[in-house]
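Undergrad: This is the structure I have questions about; it appears just below.
Here, each number is a calculation from the coordinates, and none is a lab measurement. Quick caveat: nothing in here was measured; it's all calculated off a predicted structure. So basically every Cβ, Gly included, is an ideal-geometry build from the backbone, and we count neighbours across all protein chains shown.
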Amino acid sequence: MYEKYKNAIVTGAARGIGKGIARKLAEKGINVVISDILIEDAEKTAAELAGLGVKTLAVKTDVSNKEDVEALVRKTVTEFGSLDFLVNNAGITRDNLSVRMSEDDWDKVLSINLKGAFLCSQAAAKEMMKQKFGRIVNIASVSGLLGTLGQGNYAASKAGLIALTKSMARELGRRNITVNAVAPGFIMTEMTETLSEQVKEDYMKQIPLKRAGTPDDIAESVCFLISPAGSYITGTTINVSGGLLI
């Protein structure tokens, strides 16, 4: 990792993929702000990662609320001195067939998954532009590339996030800020563990590597993108799905 740049925000980091990313960053010596609406879980994660010898901070954040997001960035800069890395991981699902989906379920998913990433990136970029350095990684999904039955809102939010990644990469490149995305496939988390065995088997049939991914699989890709090894990569989406899209 970089010697000078050491401070990160990971949204939706109280548990699941976000927690896995935050842990991997902490293991590499990066100070991490655990941003999540689930503040009790966020505080537990922050305390756990502080044991790795880095600074941690839990901040309750509704990423779809601009005031919350701006407060998150201000607090990070005040407590840590700078904001160098942002991982937009916060996301929700509200699944249903498109013809049955409520307007509220559509709006909520787009608001958290897409608007939230936009607001966080916008606020973070203003700080990163001052120091002429920054790394933003958006956690998208293969659903945004493939489409998913019963997840029209989720797939649309992730496809939009991939497009936002490309647009912001073009805008911020001149300030030495890279913007990339990671598109996970079927990853075992608290959320996917509740799926039926039949659904899990159906996924396995489509994955050439014949296993589900782990949060660490996603975290390693994020670490690569924000490291010096990824410094000439921007506007790219890395598909981390065990070959699901082949």
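Undergrad: Looking only at the stretch 92-122, which residues are among the hydroxyl-bearing types (S, T, Y) and in a helix (DSSP H, G or I)?
TA: Within the stretch 92-122, S111, S121 qualify.
Undergrad: Still on this model: What is the one condition in (1) more than 21 Å from G16 (Cα to Cα); (2) surrounded by fewer than 16 Cβ atoms within 10 Å (Cβ to Cβ); (3) not hydrophobic (A, V, I, L, M, F, W, C) that D68 does not satisfy?
TA: So the condition that D68 fails would be (2).
Undergrad: Starting from the stretch 106-133, keep only residues that are under 15 Å from G12 (Cα atoms), then list their pairs with residues that are of a type in the set (K, R) and surrounded by fewer than 23 Cβ atoms within 10 Å (Cβ to Cβ) whose Cβ atoms are within a distance under 8 Å, requiring at least 6 positions of separation or different chains.
TA: Once the first residue is under 15 Å from G12 (Cα atoms) and sits in the stretch 106-133, its partners that are of a type in the set (K, R) and surrounded by fewer than 23 Cβ atoms within 10 Å (Cβ to Cβ) give V109/R94; L119/K66.
Undergrad: Answer with yes or no whether V10 is crowded, with 17+ Cβ neighbours inside 10 Å, touching a residue at least 60 places away in the same chain (Cβ under 8 Å), under 14 Å from A124 (Cβ atoms) and touching a Ser or Thr at 6+ places or on another chain (Cβ under 8 Å).
TA: Judged against the criteria, V10 is a match.
Yes/no matrix, rows are residues, columns are (1) without any contact (Cβ under 8 Å) to a residue 60 or more places away in the chain; (2) of a type in the set (D, E, K, R):
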{"site": "A46", "(1), (2)": "yes, no"}
{"site": "T56", "(1), (2)": "yes, no"}
{"site": "T61", "(1), (2)": "yes, no"}
{"site": "E67", "(1), (2)": "yes, yes"}
{"site": "S82", "(1), (2)": "no, no"}
{"site": "D95", "(1), (2)": "yes, yes"}
{"site": "R100", "(1), (2)": "yes, yes"}
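Undergrad: Oh, and also: With respect to the numbered conditions (1) farther than 20 Å from R23 by Cα; (2) touching a residue at least 24 places away in the same chain (Cβ under 8 Å); (3) loosely packed, with under 15 Cβ neighbours inside 10 Å, which one is the sole condition not fulfilled by T78?
TA: (2)
Undergrad: Checking the conditions here, which among G150, G81, G134, G116 is closer than 24 Å to L245 by Cα and not aromatic (F, W, Y)?
TA: Only one candidate passes the filter, namely G150.
Undergrad: Can you tell me which residue within the stretch 197-246, out of those that are closer than 17 Å to V10 by Cβ and free of Cβ contacts under 8 Å to residues at least 40 places away in the same chain, is surrounded by the most Cβ atoms within 10 Å (Cβ to Cβ)?
TA: It comes out as S221.
Undergrad: Follow-up. Just wondering, is there one or more residues in the stretch 154-161 that are under 26 Å from S102 (Cβ atoms), in contact (Cβ under 8 Å) with a residue 24 or more places away in the chain, crowded, with 21+ Cβ neighbours inside 10 Å and touching a Lys or Arg at 6+ places or on another chain (Cβ under 6 Å)?
TA: no
Undergrad: Which ones in the stretch 1-55 are of a type in the set (S, T, Y) and either within 16 Å of N89 (Cβ to Cβ) or assigned to a helix (DSSP H, G or I) (or both)?
TA: T11, S35, T45
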